[in-house]
1. For residue 61, project a label point 7 Å along Cα to C-beta. Then give me every residue of the stretch 92-113 with its amide nitrogen under 13 Å of that point.
2. As a footprinting exposure proxy, order 85, 102 by other Cβ within 10 Å, with the fewest listed first.
3. Write down the radius of gyration of the stretch 46-161 and its Dmax, each obtained from C-alpha positions, in Å.
4. Which whole-Hz ³J(HN,Hα) couplings does the stretch 57-72 yield from phi under the Karplus relation 6.51 cos²θ - 1.76 cosθ + 1.60, θ = phi - 60°, glycine and proline marked x?
Amino acid sequence: MAKRRKISTAAIIAALGLSAVPPASLSAQESGHHRNHAGLFLGVTRVEGHGSFTLGADYERTLPVGHERLAIGGLLDVATGREPKHVILGGTFSVRPVDALKLMAGPGVEFSHGKRRALFRTGAAVDLPHPTLFTISPGVYVDFSGGHTAVVFGVTFGRGF
C-alpha cells in the first residue's frame, strides 16, 4: 500500500507541475530543435522516507523518424546522503507528444551496498522556454529496483547541439 501511495504522490506532483506550464510554452518551436542534447541534473531522490542529494548527467539523440519526436539516450545519476551512495547507469527511450514535454522510460543498473541490481526508470520533464541553446527542464522520475521504488525530483540544465 505504501508503494502505491508513493507512486500516486509522484504522479500528482508531476501533473501539478505540468499543469503550471502555460499551453503556449508547449507549442512547437522548431527554431530551438537540436538533434543532440546533453545535460546536468540536480535533484533529490526519495526512497522509503529517506532523501538523498542527486547529481547526474544525461545525453539524448533525436531519431530521424516519427517527426523527430523520438529519442534514445543514456544517463548517470549518483545519489548521496545519509544512506549509502546509489549509482544509476541507464539507457532511455523518450517521446515528445509536444516539443516541450518529454516522456521517457528505460532499463538500467543500480549499484548500491556493494551490489548490482536491474532497474527500470520512467518519468516526465518539461523544457521551459529559453531564448538560447540552453534548456532548463524540471522533471519527476520513478525508479523500480529490487522491490523498491524511488522517486527522483529535480532540474536538468542542458544544451542542445
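1. 92
2. Numbers: 85 12, 102 23.
Ranked by crowding around the Cβ, least crowded first: 85, 102.
3. When restricted to Cα atoms, the stretch 46-161 yields Rg and Dmax of 14.5, 44 Å.
4. 9, 9, 9, 9, 10, 6, 8, x, 9, x, 6, 6, 9, 10, 8, 10
Values quoted throughout were computed directly from the atomic coordinates according to the rules given, and no laboratory measurement underlies them. Just so we're clear, the structure is a prediction, and the values are computed from it rather than from any experiment. Every residue, glycine as well, gets a Cβ built from its backbone with ideal geometry; the counts of neighbours run over all protein chains shown.
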